[in-house]
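Working notes, beginning with the structure itself.
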Amino acid sequence: MGILSDPSNIFERLDQLEATICEACVRSGRRREEVELVAASKKQTVEVLRVAWDAGVGVFGENRVQEAREKIPLMPSGVRWHLIGHLQRNKVRMALPLFDMVHGVDSVELAHAMDRVAAELGLFPKVLLQVNVSGEGTKFGFEREELKRELDGLLSLGRVEVHGLMTMAPYAEDAEEARPYFVALRELREELEVRGGVKLPHLSMGMSGDYVVAIEEGATLIRIGTALFGARG
Ligand SMILES: *Cc1c(COP(=O)(O)O)cnc(C)c1O
């Protein structure tokens, strides 16, 4: 456990988060049920996760397949697990049975690998396509134009179900700086829905520093680590 993540504070932090999420929903004319909190639990121990579960957190987002595989059997079976970090192709077989949703599908090759393995395992993985809206070289994800070109192929996979888009805004002190990236993801979603003739209901965007802005711009999944657990040790 990180020395700063005293689990006894999780109830308080969750209350505070809830209040802020509700305010953001009210301000933007959205219902609270439209936004799901995904607790970004990387590097947190199972003891800490249990406290969060007891406090009412139902969805945990892990970054690494191996770490999740160790934690999942130690947690109640009602927990839902999302993979929010990068998925390597050689981890697909291990990952698919573990997660209810994979947020970071960032290449056609990965989507195809997932589709093949899912067919073998008899699964229908729910995925979000990660978009690099900022164009930062350090970020994983499709470029916007690339995704428009590849959309038909991604939607025609027999097993992989595309449920929406995910992005990470560049780190900034001021959350307002993230707004243009969240707007861009929402607009891209609308464009892809028209092009593909599909619904892409989920937008996974917003972290501890910028989730309020993300909710205002249409986030349906916010990935919150520090604001819930405290600083990672
Ligand atoms: C760690 C992580 C988060 C949460 O970050 P915080 O700033 O601690 O809320 C969200 N998304 C991804 C992909 C992460 O790796």
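The values are calculated or read from the model by the stated rules, or taken from the named source; none is laboratory data. Remember, it's a predicted structure, so these values are computed and weren't measured experimentally. Cβ sites come from the backbone with ideal geometry, for glycine too, and all protein chains shown count toward neighbours.
A few remarks follow.
- Taking the range 1-43 as the range and being touching a strand residue (DSSP E or B) at 6+ places or on another chain (Cβ under 9 Å) and either crowded, with 17+ Cβ neighbours inside 10 Å or touching a residue at least 24 places away in the same chain (Cβ under 8 Å) (or both) as the test, the residues that pass are L14, L17, I21, V35, E36, L37, V38, A39, A40, S41, K42.
- Enumeration of residues in the range 145-164 that are more than 16 Å from L87 (Cβ to Cβ) and under 19 Å from the mean Cα position of the chain (by Cα): L147, G164
- With respect to being within 13 Å of the ligand (Cβ to nearest atom) and modelled with pLDDT of 95 or more, A68 fits the description.
- Top-ranked residue in the range 76-105 [being over 19 Å from L200 (Cα atoms) and in a strand (DSSP E or B); ranked as nearest to the ligand (Cβ to nearest atom)]: W81
- Cross-chain or 6+ apart pairs with Cβ under 7 Å, the range 66-83 first and without any contact (Cβ under 8 Å) to a residue 60 or more places away in the chain and closer than 17 Å to G104 by Cβ, then charged (D, E, K, R) and in a strand (DSSP E or B): A68/E62; W81/E62; L83/E62
- Here N63 passes the criteria (1) over 19 Å from the mean Cα position of the chain (by Cα); (2) under 27 Å from Y171 (Cα atoms) except the one numbered (1).
- The C-beta contact set for the range 209-233 (first residue more than 15 Å from N63 (Cβ to Cβ) and among the hydroxyl-bearing types (S, T, Y), second residue assigned to a strand (DSSP E or B) and more than 8 Å from the ligand (Cβ to nearest atom), distance under 8 angstrom, 6+ apart or interchain) comprises Y211/I222; T220/E36; T220/G164; T220/H202; T220/L203; T220/S204.
The rows are residues; the columns are (1) farther than 21 Å from R189 by Cα; (2) crowded, with 19+ Cβ neighbours inside 10 Å.
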| position | (1), (2) |
| --- | --- |
| D54 | yes, no |
| S77 | yes, no |
| L110 | no, yes |
| T138 | yes, no |
| E150 | no, no |
| L155 | no, no |
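- If you check R89, R69 for being in contact with a helix residue (DSSP H, G or I) (Cβ under 6 Å, 6 or more places away or on another chain) and either exposed (fewer than 15 other Cβ atoms within 10 Å of the Cβ) or over 21 Å from E161 (Cβ atoms) (or both), only one passes: R89.
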